[in-house]
C-alpha cells in the first residue's frame, strides 16, 4: 500500500530498527555482518526470496503484497491508448515506469488536469512554480480483480498534492524527467506540471531547531538520507543541489531527498555556463568551476550534518556573496558546535574535506549511520519528544543578504584568478646561492623564506 506522502520524486530507503540509547564509539568500525549487500537492497532480497507470496491470478511471485508486476504491467499496457500527454518523451517515460513498477510507489501516471481542484499558488523557484491542489482520483493502491479496476487511495475532497510547474516546458525533453510522481499539463500555459504528494512536516531547514532539541534523531534521519543518496549514486547519478531545503519529512523519522532538477550521470558534466545551487552547500572545487560529482554531493551532506547539530542554517550570519565563496575555497567551514560527539565531528570533517578524494562515499556513510541507528542509538522517551521547545530555543535571524534559495551565479573565474596567485605565492622560495638570489618553487608554505641579502637590497632601495 502506498504511504500517504510518498512519491517518485523522492528517493527513500526505509528500514525499521529498534532504537536503544548508547554512547557513540568506534563509529567507523563496521563488521562484515553489518554491511549491506552492495548489489541488492533489502527489498530486492525480499523479492528474490519470494517474501510477498504469489499472485492469485497467474501464480507468479509478487513483487509487493497485492502487487503482481506481470499482471499489472499488462493492465497498464492495455490502457496506453486511453491517454496521451502530447509529448513523446513524457509518454515513453510514463509507459516505461508503469511496465516496470514493482509496487504502487513506483507507478507514474498521466493525471488529467480536470482531476485537480483547488489549485493555489505557493511559491516561485528558479526553474519552476509551486502550487498546492487536491487530486480527486487519488493514487493507485492495487488492482481489483473482481471489479477490473484500480483500488485507489483517496479522501472525500481528494488527497492534497503539490504541483511543480516547469517553466517554459511546453516542449519538454527527457532531461527534465528525473523526478516524477505523476504528470499533468496546465491547459492555459501548456506548461507541464509534476504532481507530488505533500509532506506535512516540511523540509529539514524548517525543522532544524526541533532536530537540535532532539539530537539523537539525526542518526536515523542521516541513515535514511545517506541510503537514498547511495541509491542515487549507485545509478551513477549526482544530485547537484543537495541542501536542507531539499530534505523532506513525512514524520519525525522518515526523511526523503527531493528536487532532482540538476541530477545528471556522474560522467556527464553539468554545464549551464554558471554554477547553480545554495552557496553554503557548494563544494569548493565546484565553486572554482569543476563539475559536480558524487564527492561534491558528500560535501553538501557534511554541511547538512552540521546543521543537525546547530539548529540553524550554515553561514546564516553573513552575506552569501563572493567573499563567502572565497573563504570557503580557502578552507572556511561552519564552527563546530560545542558538545558534538567527537566521532560525529570527525566524520563531518571528512565529508567537507577540501580534497574530494578524501571524502567518504554515500554507501560508507549509510553503513555507518545504519550501525548508529540500530545498535548504538537512542530511545527517546515519548514525553521528551512531545515536550515543547523552550522559549530560548529560537533560530537566530538570518543575515538580510543570505540566500537559501537555489540560484545561478558564477564566481569561478575571479576565484581562480585570486586563488591561483595566492597558491603560486605560497610556493615561492627565494634563496641565496653563490652570492646570487634564486627563486624556486616550494611544495609547502612552511618552506617559504626570503634571504637576508634580499632584505638588505630592499632596505637600501627604500632608504
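Worth pointing out:
- Whole-number D in µm²/s for the stretch 93-164 (Stokes-Einstein; Kirkwood sum over Cα pairs; 4 °C, 1.567 mPa s): 94 µm²/s
- Per-residue Cβ neighbour rank within 10 angstrom, fewest leading, 371, 75: 75, 371
- Taking the number of Cβ atoms within 10 Å of each Cβ as an exposure proxy, the fewest-first ranking of 67, 83, 150 is 83, 150, 67.
- 275, 225, 111 arranged by Cβ crowding within 10 Å, fewest neighbours leading: 275, 111, 225
No value in this document is a laboratory result; all are computed from the given coordinates. Here the structure is a predicted model, which is why all the values come from computation and not from measurement. Cβ sites come from the backbone with ideal geometry, for glycine too, and all protein chains shown count toward neighbours.
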